[in-house]
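A.B. asks: If you scroll down you'll find the structure; I have some questions about it.
The values are calculated or read from the model by the stated rules, or taken from the named source; none is laboratory data. None of the values given here were measured: they were computed from a predicted structure. So basically every Cβ, Gly included, is an ideal-geometry build from the backbone, and we count neighbours across all protein chains shown.
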Amino acid sequence: MKIGFTGTRNGMSDAQKTALVALLKKYTTRDNVTVHEFHHGGCEGADLEAGAIASKLKYHIVIHPGGATYLPKGIKAAVKDPKPNLVRNQDIVNAVDLVIAAPRTSTEELRSGTWATIRYAKRQNKALRMLDR
């Protein structure tokens, strides 16, 4: 299973972190053979938080760098070539089976990279899980 993540630079709420752990554990307990991948943009905030959670759960981390990418210390990750944020976000969606989103608000925002990624995932008919704040 390849899972992509999008979230706010402000970081996830405690409820979103708890929901993410539960969701990722669901996939780790289903299949002991497959190495699962967790794709994110490496941005400060929710991306790094989610990547650390996925790493602890033994996911293979794949980072798609954008304009402001922070490579996490102590976490082994494959790193793709840098691209502009909106293009990078589309690459994440295109590379995965499921997109997990942790937006800052529960209502859609027009000038939000997270919400742009959610809209793109919907247009691509990707499985999408929204984490409530």
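Yes/no matrix, rows are residues, columns are (1) exposed (fewer than 15 other Cβ atoms within 10 Å of the Cβ); (2) closer than 20 Å to Leu131 by Cβ:
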site: Met1; (1), (2): no, yes
site: Gly4; (1), (2): no, yes
site: Asn10; (1), (2): yes, yes
site: Ala15; (1), (2): yes, yes
site: His39; (1), (2): no, yes
site: Ala46; (1), (2): no, yes
site: Val79; (1), (2): yes, no
site: Pro84; (1), (2): yes, no
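A.B. asks: Name the residues in segment 98-111 that are exposed (fewer than 13 other Cβ atoms within 10 Å of the Cβ) and either in contact with a strand residue (DSSP E or B) (Cβ under 9 Å, 6 or more places away or on another chain) or among the basic types (Lys, Arg) (or both), would you?
C.D. replies: Ser106, Arg111
A.B. asks: Hey, Thr114 hits all of (1) under 14 Å from His39 (Cβ atoms); (2) surrounded by 12 or more Cβ atoms within 10 Å (Cβ to Cβ) but one; which does it fall short on?
C.D. replies: (1)
A.B. asks: Let me ask you something else. Where in segment 28-133 are the helices (runs of 4 or more DSSP H), entirely inside, with at least 1 residues that are closer than 16 Å to Met12 by Cα and modelled with pLDDT of 90 or more?
C.D. replies: In segment 28-133, 46-56, 113-123 are the helices (runs of 4 or more DSSP H) which contain 1 or more residues that are closer than 16 Å to Met12 by Cα and modelled with pLDDT of 90 or more.
A.B. asks: Gly74 - would you say it is at positive phi, more than 12 Å from the chain's Cα centre (by Cα) and free of Cβ contacts under 8 Å to residues at least 24 places away in the same chain?
C.D. replies: yes
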